[in-house]
Amino acid sequence: MSSAVKTVSFETGMLAFSRSLQITEGLFFGTSSEKAELAVPIEVIEKGVRGQSSQDNAKDKAGKSNPQSVDAASVPVGCDGIELRFSVRVLDGAMSPHACDDGDVVTCYRRLAKGYAKAGGFKTLARLYLWNIANGRFAWRNRYQTDEARVKLEFDGKELVFNPFVLDLEQPDSMEQLSSALITGTTDDLERFVEALAAGFENGNFHFSVVWAAKMAAGQEVFPSQEYVREDKQRDDLSRVYAKLPAYHRGEFVQQASMHSQKIGAALRHIDIWHGNDEYGAIAVNPYGGVQETSDVLRAKKNSFYDLRKKADELLSAAESAQSESDITPELHFIIANLVRGGVYGKVGKK
C-alpha cells in the first residue's frame with residue numbers, strides 16, 4: 001500500500017539528489033600494437049606557439065604575431081595508439097532525495113522512483129547509457145582522430161568489445177544494433193549488463209570499467225579536457241590549460257593527460273530523446289534541455305523539469321499505474337533521468 005501524504009507535491013525549498021553515476025577521471029595512455037603490455041602515461045607539456053591575432057577586437061594587433069604558450073599532449077614516440085580509461089560506481093541516488101526539508105515531498109519522490117523501478121523504467125535508461133558507452137561518445141574530439149577504434153566494457157568478470165563507428169550518435173541504437181557492433185561478447189552479456197545497471201540504479205553496488213582504444217600515430221595530437229581557470233589564478237603566459245593528474249613513470253612523476261569525470265558524464269547522459277525538437281537527436285539530460293555547443297535551450301517552454309514536476313498527481317499516477325516499460329510516459333523518463341543525473345532542485349522562494 002502506498003504511503004499516505006498530506007499533499008502530493010515534488011516542490012520544496014531544500015531539495016537535492018546525489019548523482020547515481022560516480023565516474024573516475026579518465027586517464028590517457030600511449031599503447032603499442034606490438035607490445036600489448038605497454039601503457040605509457042600521455043604527458044601534458046607546455047609549448048610555445050606563434051600565431052596571428054585574428055579575433056574581431058584585435059584592433060592595433062590585427063594580423064600581427066601573437067606568441068603564446070599552451071598545454072599540449074600527443075601520442076608518445078614508440079606508440080601507435082592511445083587508450084582512455086575510466087570506471088564507474090553506480091549508486092541508488094535516484095530512489096530518494098539526499099537532502100530535503102519536507103517529509104511529504106520525500107515520500108512522493110520515493111513513491112515515484114519505486115513505481116518507475118517496478119515498471120522496468122531503469123532498464124530503458126540503462127540501454128541508453130549502454131548506447132553512449134558503446135558508441136564512444138565520451139572520447140569527444142579524440143573520436144574523430146582515428147578510423148580504427150574499439151570500446152571495451154568490463155563488468156562482473158565479463159568483457160564486451162564494440163566497434164563504435166557502426167553505431168549512431170544522434171538516435172539510440174536498438175539492442176539488436178548494439179549486438180551487431182560486438183566484436184567480443186554475446187547478446188546475453190549485453191542483456192546482463194542492462195539488468196545489472198538497472199539494478200544498480202535501484203539498489204546501488206554495481207561497478208564497471210571502460211576503455212577507449214584507438215589506433216593513432218606517434219606524435220598525433222590528443223585532446224584531454226580543458227581546465228576552467230579562475231581569473232585570479234590565470235597565467236598571462238599560458239592561454240590553454242589541459243586537465244592532468246600526477247603519474248609515476250620510469251622513476252619520476254609526470255603530468256598525465258586526463259578527461260574530467262564531468263565531461264565523461266555529460267557524454268554518457270546524452271539520453272534525452274524526449275525533448276520534442278526535431279532538429280536535435282539525443283542531448284545531455286539537464287532540467288532545461290540546454291545544449292552547450294549551440295546555446296539552444298530545448299525545454300524552456302512548458303516541458304522543463306520544473307514545469308513537468310508541477311503536475312505532481314499526474315506524474316505519480318503515471319508511475320504507480322505503469323505495469324511495464326511500454327506504459328511509462330516520456331515525461332516520467334525525463335524526470336527520473338534528471339534524478340539519476342543528480343543536482344539541487346529546490347524551489348526558489350519556497351520555504
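Computed values, structure above
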| quantity | calculated |
| --- | --- |
| Karplus 3J(HN,Hα) series, Hz, for segment 286-301 with 6.51 cos²θ - 1.76 cosθ + 1.60 (x for Gly, Pro) | 7, x, 9, x, x, 10, 4, 5, 10, 6, 6, 10, 8, 10, 6, 10 |
| Asp147, Asp296 arranged by Cβ crowding within 10 Å, fewest neighbours leading | Asp147, Asp296 |
| Prolate/oblate/rounded call for segment 98-147, Cα gyration tensor, a/c under 1.5 rounded | oblate |
| Protection proxy ranking of 327-339, 211-223 - average other beta-carbon atoms within 10 Å, highest first | 327-339, 211-223 |
| Span-like helix ranges in the chain, DSSP H, alpha carbon extent 15 angstrom or more, Kyte mean at least 0.0 | 121-134, 330-341 |
| Local electrostatic count at Leu298 - Lys and Arg +1, Asp and Glu -1, tallied over other residues with Cβ under 15 Å | -4 |
| Shape call, segment 64-209: gyration tensor on alpha carbons, a/c limit 1.5 | oblate |
| Per DSSP, loop GluC sites (Glu not before Pro) in segment 245-295 with at most 11 further Cβ within 10 Å | Glu279, Glu293 |
| Taking segment 126-201 and dividing mean pair separation by its residue count, relative contact order in percent (alpha carbons under 8 Å, at least six apart) | 32 |
| Euclidean distance of C-alpha centroids, segment 277-301 and segment 318-341, integer Å | 19 |
| The chain: relative contact order as a whole-number percent, Cα under 8 Å and 6+ apart | 28 |
| Helix-derived mean residue ellipticity, 222 nm - over the chain, DSSP H n ≥ 4, -39500 (n - 2.57), to 500 | -7500 deg cm²/dmol |
| Listed pairs Lys311/Lys347; Lys123/Lys347; Lys114/Lys301; Lys114/Lys152; Lys118/Lys311 exceeding 23 Å between Cα atoms | Lys123/Lys347; Lys114/Lys301; Lys114/Lys152 |
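None of the figures in this text is laboratory data; all of them are computed from the coordinates on show. Bear in mind that the values here come from a model prediction, so they are computed numbers and not experimental data. Using ideal geometry, Cβ is built from the backbone for each residue, glycine included, and neighbour counts are taken over all protein chains shown.
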